[in-house]
1. With the structure loaded, tell me whether B:Val77 is crowded, with 16+ Cβ neighbours inside 10 Å and over 22 Å from B:Ser33 (Cα atoms) or whether it fails that test.
2. Against the definition (surrounded by fewer than 23 Cβ atoms within 10 Å (Cβ to Cβ) and either away from ligand 2 (no atom under 16 Å from the Cβ) or among the small types (Gly, Ala, Ser) (or both)), how does B:Pro37 come out, yes or no?
3. C:Trp88: in contact with an Asp or Glu (Cβ under 9 Å, 6 or more places away or on another chain), modelled with pLDDT under 90, hydrophobic (A, V, I, L, M, F, W, C) and more than 30 Å from C:Leu2 (Cβ to Cβ), yes or no?
4. Given the condition closer than 21 Å to C:Ser82 by Cβ, of a type in the set (A, V, I, L, M, F, W, C), buried (at least 19 other Cβ atoms within 10 Å of the Cβ) and at pLDDT 90 or above, answer yes or no: does some residue in region B:103-118 qualify?
5. Tally time: how many residues in region C:195-213 are within 14 Å of chain B (Cβ to nearest Cβ) and either within 16 Å of ligand 1 (Cβ to nearest atom) or at pLDDT below 90 (or both)?
6. Out of region B:128-155, which residues are within 15 Å of ligand 2 (Cβ to nearest atom) and either charged (D, E, K, R) or over 15 Å from the mean Cα position of the chain (by Cα) (or both)?
7. Out of A:Ile161, A:Ile212, which single residue is farther than 20 Å from B:Ala148 by Cβ, aliphatic (A, V, I, L, M) and in contact with a Pro (Cβ under 8 Å, 6 or more places away or on another chain)?
8. Within region C:38-50, is there a residue that is over 29 Å from C:Met137 (Cβ atoms), within 16 Å of ligand 4 (Cβ to nearest atom) and either of a type outside the set (Gly, Ala, Ser) or in a strand (DSSP E or B) (or both)?
Amino acid sequence: MSAAATGIRTSLPQRRRLRKALTGTALRWSVFAVAVGLWQLATRTVVPEDYQIYFPPPTTIGDQLYRTWFSGPASHAFLTATATHDLLPSLARLLGAWAVSAVVGIVLGVSLGRSEHAVEYVEPLIHFGRSIPATTVIPVFIVLFKFSTAMRVSVIVFGVIWTILIYALEGARSVEPLQLDLARVFKLGRLRRLSLIVVPAAAPKIFAGLRISLSLSIILMTTSELVGASNGIGFFLANAKKTFALPEMWSAIVLLGILGYVLNSALLQVERRIMGWHRNTRRIED
Amino acid sequence: MLEVKNLSHAYAEAATKVLENIDLKVDSGELVSIVGPSGCGKSTLLRTIAGLIRPTSGQIRLGGTLVQDVPDNLAVVFQDYSRSLLPWMSVRDNVAFPLRGRGMDRKARRAAAEEALDAVGLSYAARKYPWQLSGGMQQRVAIARAIAYRPALLLMDEPFGSVDAQTREELEDLVLSVRANQEMTILLVTHDIDESVYVGDRVVVLGRHPGRVIGDVAVALPGNHDQITTRELPEFVHLRAEIGRLVRQAAEANPAA
Amino acid sequence: MLEVKNLSHAYAEAATKVLENIDLKVDSGELVSIVGPSGCGKSTLLRTIAGLIRPTSGQIRLGGTLVQDVPDNLAVVFQDYSRSLLPWMSVRDNVAFPLRGRGMDRKARRAAAEEALDAVGLSYAARKYPWQLSGGMQQRVAIARAIAYRPALLLMDEPFGSVDAQTREELEDLVLSVRANQEMTILLVTHDIDESVYVGDRVVVLGRHPGRVIGDVAVALPGNHDQITTRELPEFVHLRAEIGRLVRQAAEANPAA
Amino acid sequence: MRGLIGVFVLFLAGEVLGRTGLVDRSYLPPSSVVLVHAGRLLVNADFLRDVLFTLGGWSSGLVIAVVIAVPAGLVIGSVPIVNSAARVLVEFLRPIPAVALAPLVVLFIASQSEMERTLAAYAAMWPILMNTIYGVGDVDPVARDMARCFGLRPSAVLLRIALPSVAPFVATGVRLASSVALIVTISTELIYGSGGGGLGQYIFAASGDPDGTPDVFAAVAITGALGLALDLLLTRGERRAFRWHFDRLGKNG
Amino acid sequence: SGSNAAEKKDSGGLEKKNIKVGVLPTWDAAAVYLAIKKGYFTAEGLNVTPVTMANPEEAISKNVSGAVDFAHNGYVSPTMASNRGLKLRIIIDGAQAKSNMYVVVTPKKTSIHSPKDLAGKKIGMTTSKGLPALLTSAALQLAGVDTKSVQFVDVPYTNMGAALQNGSIDAAFATDPFLTRFEQTLGARVVLDTINGPTADFPIGCYHTSERFAKQNPKTVAAFQRAMAKAQTLAATDRNEVAQVLPTYIKGLTPQAAQTITIGTFPTSLNKSRAQRVADFMLQQHVLTTHFDASTLE
Ligand SMILES: Nc1ncnc2c1ncn2[C@@H]1O[C@H](COP(=O)(O)OP(=O)(O)OP(=O)(O)O)[C@@H](O)[C@H]1O
Ligand SMILES: Nc1ncnc2c1ncn2[C@@H]1O[C@H](COP(=O)(O)OP(=O)(O)OP(=O)(O)O)[C@@H](O)[C@H]1O
Ligand SMILES: [Mg+2]
Ligand SMILES: [Mg+2]
């Protein structure tokens, strides 16, 4: 049993592995179910009566979630008008901004990470920039882009690019020295050295950055929709809050959680596919 | 071909010297074995020749030009072979990827990689990943990679340390035949004195604390190399005894703190 | 002491078996050498005995109880020794830290570590970090760590592969003396057939594709072990020839794809 | 030195943007104006008190986050059962903005500094947690096997093998979390400050002031500089604590 | 408990003596500061500390949670909160609007010259779900504009000037001190006065407490009401007194500007029909979907 406890497992036969995966899934969701159950209980016991209106039970939230977002016709993939109006534009901006940040952040981070000089010029800027709350630079983006999609996308990009950049940078910096020697000996050009050695070696950290930044972009997507917006989950959330539509507000919060979970799982699939070697060399199991 | 002049190296400012006043000349096409006690600076010497570390003082010339950076047309088999294999590439790709710089197309690279893997007896493992191989197999992949690259100068740091006696002999012969066919210059670090005599045209013995050349023995064995007959030659037996004595002396030198 | 019964192992469902029907009995205090061609499964066997991987089938018993997990009182010198040293600890701490589990206080741990480092000739490097050491020095640190731990069962996977001949002989004698003084049971994987005969009470030869025991030769050499005289004994010469033949046969077996 | 050049380029860009006249200067002041205002703020005792207040929220939030997230990450990363169990919850909670929870947290926590601490800790926890989990996955299995063979208990493997080798990874997480904590502290002050003070409250008040725009930008710039300073501090600590790591990578001269 | 009893004794029968009041930093909160300044609270045995609130929702949450005992607020948010089931009591009528106080402005260069031109345009306002939106749509209806064609977007005052200038919005809902500011820096012009006809004297400020607090502390509530009534009367009659306290809690307002900014009226009695007027108006403007009986707020 202590093998389980230290997380070191080697090569279980397929069947055992499948069984484990299934019990893993079952376990995961049963824990989730228990958590929701406790929450349901808490809303009626722990929460003082005066505030109970602020904390509707999960059943109410679930019902609201369904009615507000997912009770649409089958022809619209069960999305309601609210969902097409608020969820889809948010999602598009979020994914667009995240993709832009990922590309720029990784390219910049990896190239900076392997060039000691360039990084010295920019590093202070990176730490300066990432400490600034995105909300406080919104005016600048308004000046540049008005209340356009570009403005919202840039708020998200501004908020998350630093994370991706830093992880890519750290990843590129901590490549096994012997592998870099190898690149030097075999006279790999800059581009080949990056693509064959540095990027794969940095990949575990790059993915860590991507995962952290993904949920961060959801947060910033919400933030970017607080100013001058006419749609979006953040817009919906803010309105629900202002009008004391608490179940609606909770439904949006839960929706954000679901969004994060789904996007993260998708990213995890990609990671698993690309980084099979890493999981195997490190003997990581799910 | 290679000329090391008055080379000294210390790893850090204050530290004691690892190498001191090394002088060494290697002709084109020569195969020089380097032996010496553990920690005497053999790997350090190879790394300075490869241009991977800059020596504290002294010069290295390759074909007349000063080595400032990693020279072209060089291959290294690192002592820490398992770390030098890239875990994200299959065995074949690990062997093939340096060939990109050689202007070879994908197919040619593959063919060359497969040929080299075959030479080290690993063609059956081409599609595996490094972490699926035993230690000895990994070491042979590193050797295959260096050979497939067809460098003008090949540096090998204890390349046969993890393989069994039989495979080791085959690899020794492989290196000899590669050298003969391709006009390669080879420096080979080894702990096996028999091996140093068997494969080397010369054996350089390094002493310790600090690392200095304490012997440079020319090997002149008659006839073709053959694992059984060559090792039975009286010249062979004599040489191994001589070199063994030198290493033994060096190993007994007292280590500085 | 140790009993391996009908052990087989394949690394993945579909893969060919690496080990097949291994049967092995080792008495308490015995030193068994294991030899075999590269990739035949020696390391895999040691890892199953250490409880690090669970064999596909078969049983391992240690002192009568089934090995399900890593057994107590065990030490291993890994083939990939450089990765088994912790880069954030000095050499001394690397040797000393497993002793925490032995209920020794700081001072006692230090003393034990220094004693072991002295035994492998590295007391002068105690304050360095692993990555500041040469390959052979790192390997000796790993040996010192295992010895300082004073395990009941010691598994060594090619522990002397990276050191020079002289040091190697000293380490062989060190292992022999440790075994004699501490009633240790030792399994030692080696590629050096002379070594397997010199240190072993028995030599187990593994074949390849799949790994099977193809020979189990008892070594009974008269007199005390001595690096020079023992190796000249006719029994020694005979045994090494016999085992050499077995390994050679095994190495020539055709590898399955 | 080179860093200063980078900063100077940013300064120039801000100056040019501010002077193009695209927008009235009072809504997007050029860098030089911001600099003057920043200079004035830095000798203003009230403002410095706000900075200290924010630093209080930041530091306590960050410390709480580290104390919770590092052990949690170690356990989640190394015990598959806990990993399975925690994963849904973690992935579900991570994308929920701390600020969206503020209206609810405010019911339970009246004091502004406590609120800042709570929200900053909540937000800063995730990068540290994720990094620790990733770091545990990155531990060399040979080192881990070695420790197990020497009879280290799972807890000791965590403490002696996993923790030190994830430490550089965790340090990256802490540095990231540091700016997250700063951002959340300030945002909380900005949105839910109750007159307690802090940089965010200052920005809120200044943005309520029709003439306050340059002060807003100055405060934002000071925030960035603060983040930079904190990062330098953490980096220095990191280099000192993990000397072996940087020496090994050849990064310490 | 014992300590409560002790407190009651030396505070002249008041259930609670140390009181926190949440205030939004707008002109009408001046009454609280006047009451403190003039000692009206002390005279009632109350020790009042004002706590700045960031927005109406925070004021309500903190009032419900007891972090503040009373809260200064607009009428719209408490009405919506009550409609959703939160138990609040309005105890003081705080402020009402005056013409030219809440206006819609356009930048200097604009094609909008009359209220009618606002059709199909984007108007920025601090909250598109609160009072500004209510007043603007009522005024637009009065001017015969189809409000469906007009888009209200949320823009905090921080960003309003820039947004107005670069055309992100066509017009902005503004009040002092921002109104003056926009006029000065942007040459902004008033195109629509939202306090007009049905919105004349519109109730815009009140003080509320939680139902629980009102039940448990009737004497404290009464004492607070008495002190505030005096302060409201003073504020209603002496503009100069008001101007003097404004800069003490509105950051960035100069004493000179405090003298000239447009402020509304301080009512001096709690007129119970006023909450109902707001609720009915909200229903009419479709902010509420069903009739809300404002007497639950009393
Ligand atoms: N990175 C380093 N930093 C500091 N000292 C080092 C470093 N690498 C090696 N040394 C020291 O330099 C000396 C020579 O090391 P080197 O690796 O060259 O020896 P070697 O002859 O290859 O030994 P081996 O046969 O054991 O591999 C050793 O004393 C070692 O401690
Ligand atoms: N993690 C792994 N996954 C899959 N296959 C593996 C793995 N490790 C080892 N193998 C395979 O198992 C076989 C035996 O490996 P093992 O390391 O036990 O050999 P060995 O006898 O120790 O060889 P050497 O002397 O070269 O170290 C090899 O064919 C190798 O490719
Ligand atoms: Mg070496
Ligand atoms: Mg092995």
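1. No; evaluated as a whole, the condition is false for this residue.
2. So B:Pro37 fails the test.
3. Considered against the rule, which asks whether it is in contact with an Asp or Glu (Cβ under 9 Å, 6 or more places away or on another chain), modelled with pLDDT under 90, hydrophobic (A, V, I, L, M, F, W, C) and more than 30 Å from C:Leu2 (Cβ to Cβ), C:Trp88 comes out as no.
4. No, the conditions are met nowhere in region B:103-118.
5. Counting residues in region C:195-213 that are within 14 Å of chain B (Cβ to nearest Cβ) and either within 16 Å of ligand 1 (Cβ to nearest atom) or at pLDDT below 90 (or both) gives 5.
6. B:Lys128, B:Tyr129, B:Pro130, B:Trp131, B:Gln132, B:Leu133, B:Ser134, B:Gly135, B:Gly136, B:Met137, B:Gln138, B:Arg140
7. The match here is A:Ile212.
8. Yes; the residues of region C:38-50 include at least one that is over 29 Å from C:Met137 (Cβ atoms), within 16 Å of ligand 4 (Cβ to nearest atom) and either of a type outside the set (Gly, Ala, Ser) or in a strand (DSSP E or B) (or both).
The values are calculated or read from the model by the stated rules, or taken from the named source; none is laboratory data. Given the structure is predicted, the values throughout are model-derived calculations rather than measurements. Backbone-built Cβ (ideal geometry, glycine too); neighbour counts: all protein chains shown.
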